[in-house]
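Below: one structure, written as C-alpha cells.
The values are calculated or read from the model by the stated rules, or taken from the named source; none is laboratory data. Keep in mind the model is a prediction, meaning the values are calculated, not measured. Counting neighbours? That spans all protein chains shown, and the Cβs are built from the backbone with ideal geometry, glycine included. Side chains are part of the model used for accessible areas, which takes the heavy atoms of the whole protein and leaves out ligands, DNA and RNA. Shrake-Rupley method; radii C 1.70, N 1.55, O 1.52, S 1.80 Å.
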Amino acid sequence: MKSSEIRDKFSRFFESKGHKTLPGSSLVPTDPTVLLTLAGMLQFKPVFLGQEKPAHKRAATVQKCMRMNDIENVGVTPRHHTFFEMLGNFSFGDYFKKEAIQFAWELLTKEFKIPALKLKIAIYEKDDEAFEIWRKNIGLPKEIIYRLGEDNNFWSVGPTGPCGPCSEIYYDQGPAKGCGKPDCAPGCDCDRYLEIWNLVFISYNRNEKGELIPLKQKGIDTGLGLERIASVLQGVDDNFETDLFQPLIKAIDALKAESSPVSVRIIADHIRAVTHLISDGVFPANMGRGYVLRRLIRRAISHGKRLGITKPFLFDLSRVVVREMKDAYPQLAEKEKTIVAAIKEEEDNFFATLEQGMKWFAEAVKAHEQDKFLPGAEAFKLHDTYGFPIELTVELCLEKGLKVDLAGFEKEMEAQRERARQGHQAEKKTDLTSLDLSPFSPTNFTGYEKTAEETKVVGVFAAQKIVVLEKTPFYGESGGQIGDTGLLSWNKHEVRVLNTFISPKGVALHVVDDLSGLKPETKVRAVIDVSKRKTTEAHHTATHLLHRALRDLLGEHVKQAGSYVGPDKLRFDFSHFHSLSSEDLQKVEQVVNQKIAEKLKVEVLRKSYKAAQAMGATALFGEKYGDQVRVLKAGNYSLELCGGTHVRSTADILFFKIISESALGSGVRRIEAIAGQSAKVYAVFRAKSLRDEVESLIRKYRLLQVEKERLGGQKSLETNIFEIEVTELENIAKAVDNHDSNNVNKFLDHLLGRVDWLKERIAKAEREIEALKERAAQRSAGGYAAEAVEIGGVKVLFKEFKENNMDLLRTISDTLQEQFKSSILVFASVFPGRLIYLISVTPDLTGKFSAQTLANAFSAVVDGKGGGKDTKVEGGGKDPSKIKEGFEAVRKLIG
Ligand code: SER
C-alpha cells in the first residue's frame, strides 16, 4: 500500500466514523510554548483546554511534525526521524477511551488487515479502565497488555498543558529484530517492538506549578506514525525502505563517491525536514527554529562530505522532496524556488568554510588526543569561524573519543554576547570651572524645535577643545538630561561634538574631538545626533509619566530627588520610605504604558512661575526658576516645570519597562527604567538571552540523557523536552507593540520558569548519573580484586581511573576493603590537567603503614597534596602524567 493510499484510507475511515478531515497545521506553531509542531494535537491545544470552541467534535488530520530529540538515532535505527507525518483522530468532549480504542483496532486489523497476533499493547499502569476495554471489548489476552509507568504511558504536550494516560499499539517485528534480553517487551529500546500508534486520553491540564487539573471536557488525541505504518504495510522492516524515502535514497546514492549507509539515511531524513521548514517560512539563523534549520542543513552537508560529495548538493535534493510530496502538500510546489535558493545560499556559505574547518578540527583532535577533551575555546572557534553548530562539533568529537568542554564553550559564547553588548562609547569629562565665560552672552538654544542650525562660532577654547556658538540646537546637560552629541561642518570640514554642557549663565559649551581650524566667525552647520536625542526625549517624557504614576499610587509625599535621562535609560530618585513590591512596580509600569497607548499630546506652556504653580504644576524642590517658566503638559495627566526636551506625543515613547528598584539612602528610592526603542530591544533581548539559556540547558539535558544511557540507565522518555520553547520573540515583540507590559512580564516570567524547570531536571539527571556510576563502580570493584598484588605479604592494589570522582573512589575502596579485610589500596583518577587520589590502609596494618606517609610520597611526585588519617587520605595533584611514577614511590615504601 503506497503511502499516499495510507493517508487517504486513514481519512476516509475516520470520515466514516463521523470525523471531519481538517488540514494539518504549519510546522511553525501558533502556540508560544513550543518551537516546532511536534504532534497533531498542537493546533487543538486551546480546544482541549476549553479555551476555544471546536468547530467539529470529531476531527482527523495528517500532520507534518518535527522532533529533534531523537536526532542522534536518525539513520542509525530503522525508525527514527526528525521530520515525520502523524495521522491523528481527535475527540473534543465527544467519544472517549472505548471508541478510540475500537476505532484504532478496527482500522489496523480490518482495513489495513494487520494480523492481530502481531500487535501488542502498552497501557498506563494505573489505567484499569483502558485495561478492561482492551481485555473485554477488544478481547485481547491479558499477557499482551503491558502496564508501563508515567515515563512511557502518560503523554504530555510539554511541561504545561493538556495531558493524560495513553495506550500504545506496538507491532511485533519478531525476535530476530530484538535485543534478546529476557525482559524485552513493548517499551524496550531495541527494534523488536515498533510503536505505531499512540492513543492519548486527554484528561488534565498541567499548570505552571506542575499540578494536574482535571479538564471539564475530556478528549482524545491519537497519533499514528505514517513512516512506521508504511513500513509495516509495505512489508519492509525499515522506514527508509518505504516509498517515502526510496526516491531520495536513490538520488543520494547517485551522487556519492564513498559508501556510508548511515550518512545517506541522515541526509534523506534531514532534507525532508529542511524542505518543509523552509516552505513554512523558516530561514537559517542563529537561534530558535532558524537554528534548528541551520543545524540540519550543516549536519547533512557534513555527512555529504563523508560520502565524498565535493560540491553543494542538498538544494538539488530538495527538488526530489517537492516532487514526491507536492500532492500531499501543494504549498511545496509554490515555494520550490524559495526553498532551493535558501538551501543553496546556506550551502554555499558552509561549503566555503567546511574544508578549512575540518582541517582545523583534525589538528585540534590531534592536539587533544591525549587528554580526550576539546577545550571550549576550540569548540567556539569551530562555531564562530567555521560555522560548526556546537552539536555537530560534539558529534564529530564523540566519533574521535573526545569530550567537548561545553561549559567552556558557553563561557566563550557569553563573552561574545558581552562584547556585542558593550558599545564603544568614549565619554569625556571636562572641567568647566576654569573657563572664562564672561565675554559670552547666553546661547540662543533652538533645539526645542530644530535638530540642525546654520550658525557661527563666537568663541573657542583650544586646550579644552570647546566651541561656543551664536545659537545652537545642541542641548546642554541639565535637569538630569544629558547633553547632545552631533556634528559641526563647514566647507569640507567636519568635527564631532562629543558632549554639550551649559554654564550657569546659559552659555552652551560644545566639546569637539578636533578643532580643525575652527575659529571665531567660522560659519558652521550644527547638526545633533537625532536618534540619540529622540531616545533621550522618550526617556525624559517617560520620567514625567513615571513621576505622576508614582504619586498617584504611593501618595503626594513622592518627590523627585534627582534624575538621569539619557539615550540608554532613565533613573529616577524619589522620596519614599519602603521598597516597592513587584505588584506596585507592575502597576506603575502598566499605567505608564497605558498613557503611552493613549497617545497623549505633549506640549509646552510658557507661564509665569506663579501661574504655573496655580495650575498645580510640579516643581522641583530647591530648583531656581526665572519669571517665565516652561510647563510641560502631557495630556491632562502630567504637568511639570521642565527645561528639557520631550517627545510630541506619548505614543513616541513606544514602550516603558522598569529594570530595577533600590534604596538610595534613608527615605530615598531609585527606579531605573527604559523607554523607546531601547525598551523594546531590552525586552526582546532579555527574552532572547533567557531563551539562549534555555536552549543551552536543553542541550546539556540531552547530553546527560545520552550519558545516562551509556551508563546503562534508561533514557528519559520525556519526548517533548527538546521541543519546549520558549516564548517566541515575536510574541514578546507583539506585547511590546501593544504597550502590554503585563504580558511582557508574563513572557519573561515564563522563560525564567523554564530555566528553573530545566535546572531541576538537569540536577535530577545528574543525580541519576551519579547513582549509575556508583552502581557500576560497585559492580566493577569485584573485577579489580584480581589486579591486586602481594608485596611483603600485604595485599596491595594500585589502580588508575578516568574521571571517577571521589565518591566513586570511596565506593570502590569500601567495597574492596570489605572483600580483602586486610589491604592497602592506592587509587588515582585522571581529569584534564589534574588528578585526585585516595589511599587507604585497613586498621590491622596501620601499625606498619600509614596512609599519610604513603600519601606524602605520592603527592611529592604528582605535585599534589592530601589530608586524612592513618587509615585513609584523600588528595589531589596537578600532574596526571606522573601517576605511574607516584605508584612506584608508594610501592617502594611498602616493601
Ligand atoms: N500527541 C500524541 C503523541 O504525539 C498522540 O498524537 O504521541
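Computed 3J(HN,Hα) for the range 767-773, one whole-Hz value per residue from the Karplus formula 6.51 cos²θ - 1.76 cosθ + 1.60 where θ = phi - 60°, is 5, 4, 5, 4, 5, 5, 5, glycine and proline marked x.
Mind scanning Lys311/Lys403; Lys795/Lys892; Lys118/Lys177 and naming the pairs with a C-alpha gap bigger than 23 Å?
Working: Lys311/Lys403 30 Å; Lys795/Lys892 14 Å; Lys118/Lys177 14 Å.
Violating the 23 Å Cα-Cα cut-off are Lys311/Lys403.
Based on protein heavy atoms only, the range 750-895 ends up with 48 Å² per residue of surface accessible to a 1.4 Å probe. Convex hull volume of the Cα atoms of the range 216-307, normalised per residue: 139 Å³. Extents of the range 510-586, largest first, come to 56, 21, 17 Å (Cα atoms, principal axes, whole angstrom).
Per residue, the range 55-142 exposes 38 Å² of solvent-accessible protein surface, assessed with a 1.4 angstrom probe and all protein chains in place. Here Lys680 is the anchor, and the aspartates and glutamates within straight C-alpha reach of less than 13 Å, apart from those fewer than 8 places off in the same chain, are Asp568, Asp652, Glu730, Asp737, Asp740.
Could you tell me whether the range 441-509 comes out rounded, prolate or oblate from its Cα gyration tensor? Rule is a ≥ b ≥ c as square roots of the eigenvalues, rounded for a/c under 1.5, then prolate if a/b exceeds b/c, otherwise oblate. Note, shape of the range 441-509 comes out rounded. Each of the peptides 591-603, 510-522 was scored by the mean count of other Cβ atoms within 10 Å over its residues; in descending order, highest first, they stand as 591-603, 510-522. Need one word for the range 779-864: rounded, prolate or oblate. Basis is the Cα gyration tensor (sqrt eigenvalues a ≥ b ≥ c); a/c below 1.5 gives rounded, then a/b vs b/c decides. Judged from the Cα gyration tensor, the range 779-864 comes out oblate (a/c at least 1.5, b/c at or above a/b). All Cα-Cα distances of the chain, cut into 10 Å bins from zero to the largest, leave 2, 10, 15, 16, 16, 15, 13, 8, 4, 1, 0 percent in each bin in turn. Measuring between alpha carbons in the structure, the pairs from Lys64/Lys98; Lys532/Lys688; Lys534/Lys688; Lys532/Lys569 lying more than 20 angstrom apart are Lys64/Lys98; Lys532/Lys688; Lys534/Lys688. Rolling a 1.4 angstrom probe over the range 166-292 with all protein chains present gives an accessible area of which 50% lies on carbon and sulfur atoms.
Panel values: the range 129-267, Kirkwood radius from alpha carbon pairs, Stokes-Einstein at 10 °C and 1.306 mPa s, translational diffusion coefficient 89 µm²/s. For the residue pairs Lys142/Lys715; Lys305/Lys411; Lys45/Lys715; Lys607/Lys633; Lys715/Lys802, alpha carbon separations beyond 19 Å are given by Lys142/Lys715; Lys305/Lys411; Lys45/Lys715; Lys715/Lys802.
Straight-line cross-link partners of Lys53 among the aspartates and glutamates, defined as a Cα under 13 Å from its Cα and at least 8 positions apart when in the same chain: Asp94.
Relative to the longest principal Cα axis of the chain, at what angle does helix 676-710 sit, 0 to 90 degrees, rounded to 10? Once rounded, one gets 20 degrees. For the listed peptides 809-818, 105-114, a ranking on the average number of other beta carbons within 10 Å per residue, highest first, reads 809-818, 105-114. A 1.4 Å probe run over the range 248-381, with the rest of the protein chains in place, finds 43 Å² accessible per residue.
Considering only Cα atoms, the convex hull volume of the range 1-146 works out to 153 Å³ per residue. Each helix, a run of at least 4 DSSP H residues, gives -39500 (n - 2.57); summed and divided by the residues of the chain, these come to -13000 deg cm²/dmol at 222 nm. Per-residue packing, averaged as other Cβ atoms within 10 Å, sorts the ranges 739-751, 332-344 into the order 739-751, 332-344, beginning with the highest.
Would the range 570-676 count as rounded, prolate or oblate if I go by the C-alpha gyration tensor, calling it rounded below 1.5 in a/c and otherwise prolate when a/b exceeds b/c, oblate otherwise?
Values: a/c = 2.31, a/b = 1.29, b/c = 1.79.
Since a/c reaches 1.5 but b/c is at least a/b, the shape of the range 570-676 is classed as oblate.
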